[in-house]
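One structure is given below, encoded as structure tokens.
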Amino acid sequence: MPLLKDAMPLMKEPHPPPQVPLPWVLPSLFAAFNVVLLVIFSGLFFAFPCRWLAQNGEWAFPVITGLLFILTFFSLISLNFSDPGILHQGSNEQGPLMVHVVWVNHRAFRLQWCQKCCFHRPPRTYHCPWCNICVEDFDHHCKWVNNCIGHRNFRFFMLLVLSLCLYSGAMLVTCLIFLVRTTHLSFSMDKAIAILVAVPAAGFLVPLFLLLLIQAMSVSAAERSYEGKCRYLQGYNPFDHGCASNWYLTICAPLGPKYMAEAVWLQRVVGSDWVPIQTPRFPACTSVLSPPASTSGSLQTREGSPRER
């Protein structure tokens, strides 16, 4: 006899494409190379064009770019070693045949079973094939830092993209001003280093600005990069609380305590609106489920308030 899940018209979240996990050495070396590259280019920038401007009384350029470098380096290191919201593995006591359903703004979600982590994933939680972990509110896997971007470190990701945009723009403007101020001088090492720094700064500025714009639009609409064009129930997004609330929940809202090793308790009731439904085997039902009368229609966080990215 078929299960209820074969007949329930619930929203199914997109499955991750089959990926073969890469060895951790190469991605880690690439992320470390990016950090070293930032330090090297910054060192050349401060040692040559910035030094010349400071010696000629233009102290505003090294001060502003120095502060932006500190912010960029801090956000990059923080994102590299941050917890994206890892949901630790469950136990064998649970099984994929058990059906769990939650309601989010009057929309039903059937929790997907993760075969590798052995638990039913909450809505918007996906298993990263590169890191081999389930991440809460998964957005994407960033190969530049070799880390997933999720609920707990998305604000660090936005800070990194913003600081990189500002820092690249400041480096480009400083190098151009240096080249203009030294047009009457012969070609020297300072000019060569200024050109060497300005070219990659200009090359990264446009993609970074576009990435920042795309991420800002995604936050405003409460969307995820991983979901792409997948919309919930013909374009309706039940996670959207409005532009202002989406930005607050993504950037300013408390993250709450980290999940502990006893991850089997992820299936516990976390609020009055988290309603898991366990059904035995019985004939298929073609009727549409309606939200329980006791639920207010929003998924609650550990603090008891609606949470969105």
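Do we find that Val35 is aliphatic (A, V, I, L, M) and modelled with pLDDT of 95 or more in this structure?
Details: aliphatic (A, V, I, L, M): yes; modelled with pLDDT of 95 or more: yes.
Criteria met by Val35.
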* To do: Could you name every one of the strands (runs of 3 or more DSSP E) located completely within region 81-180 that has at least 3 residues being of a type in the set (A, V, I, L, M, F, W, C) and in contact with a strand residue (DSSP E or B) (Cβ under 6 Å, 6 or more places away or on another chain)?
  => 133-135
* Selected residue (criterion: farthest from the chain's Cα centre (by Cα)) from residues of region 157-198 that are β-branched (Val, Ile, Thr) and within 30 Å of Ser218 (Cβ to Cβ) -> Val173
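Does at least one position in region 191-213 carry a residue that is touching a Lys or Arg at 6+ places or on another chain (Cβ under 7 Å), within 22 Å of Ser78 (Cα to Cα) and in a helix (DSSP H, G or I)?
Here is the first cut: in region 191-213, the ones touching a Lys or Arg at 6+ places or on another chain (Cβ under 7 Å) are none.
Among the residues of region 191-213, not one is touching a Lys or Arg at 6+ places or on another chain (Cβ under 7 Å), within 22 Å of Ser78 (Cα to Cα) and in a helix (DSSP H, G or I), which makes the answer no.
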* Asked: Tell me, which residue of region 143-156 that is among the hydrophobic types (A, V, I, L, M, F, W, C) and more than 8 Å from the chain's Cα centre (by Cα) is least open to solvent (accessible area, probe 1.4 Å)?
  -> Val145
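Is it true that Thr182 is β-branched (Val, Ile, Thr), at pLDDT below 95 and closer than 19 Å to Pro62 by Cα? Break it down stepwise before answering.
Values: β-branched (Val, Ile, Thr): yes; at pLDDT below 95: yes; closer than 19 Å to Pro62 by Cα: yes.
In short, yes.
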* Structure fact -> The one condition Gly66 fails out of (1) surrounded by fewer than 20 Cβ atoms within 10 Å (Cβ to Cβ); (2) out of contact with any Cys (no Cβ under 9 Å at 6 or more places or on another chain); (3) under 30 Å from Ile193 (Cβ atoms) is (2)
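Conditions (1) modelled with pLDDT of 50 or more; (2) not β-branched (Val, Ile, Thr), marked per residue:
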site: Leu196; (1), (2): yes, yes
site: Ile214; (1), (2): yes, no
site: Ala221; (1), (2): yes, yes
site: Ala244; (1), (2): yes, yes
site: Leu249; (1), (2): yes, yes
site: Thr279; (1), (2): no, no
site: Leu299; (1), (2): no, yes
site: Arg309; (1), (2): no, yes
* Asked: Is there any pair linking a residue in region 212-235 that is closer than 15 Å to Leu162 by Cβ and among the β-branched types (Val, Ile, Thr) to one that is open to solvent by 70 Å² or more (accessible area, probe 1.4 Å) and modelled with pLDDT of 85 or more, with Cβ under 7 Å and at least six apart or on different chains, and which?
  -> Val219/Trp247
* **Selection count where residues are farther than 23 Å from Ser28 by Cβ, surrounded by fewer than 19 Cβ atoms within 10 Å (Cβ to Cβ) and either within 15 Å of the chain's Cα centre (by Cα) or of a type in the set (S, T, N, Q) (or both), scope region 113-139** => 1
* Asked: Does Phe61 satisfy the criteria of being at pLDDT 90 or above and surrounded by 17 or more Cβ atoms within 10 Å (Cβ to Cβ)?
  -> yes
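The values are calculated or read from the model by the stated rules, or taken from the named source; none is laboratory data. Quick caveat: nothing in here was measured; it's all calculated off a predicted structure. Neighbour counts run over all protein chains shown; Cβ positions are idealised from the backbone, glycine included. Surface accessibility is based on the protein's heavy atoms, side chains included, excluding ligands, DNA and RNA. Shrake-Rupley method; radii C 1.70, N 1.55, O 1.52, S 1.80 Å.
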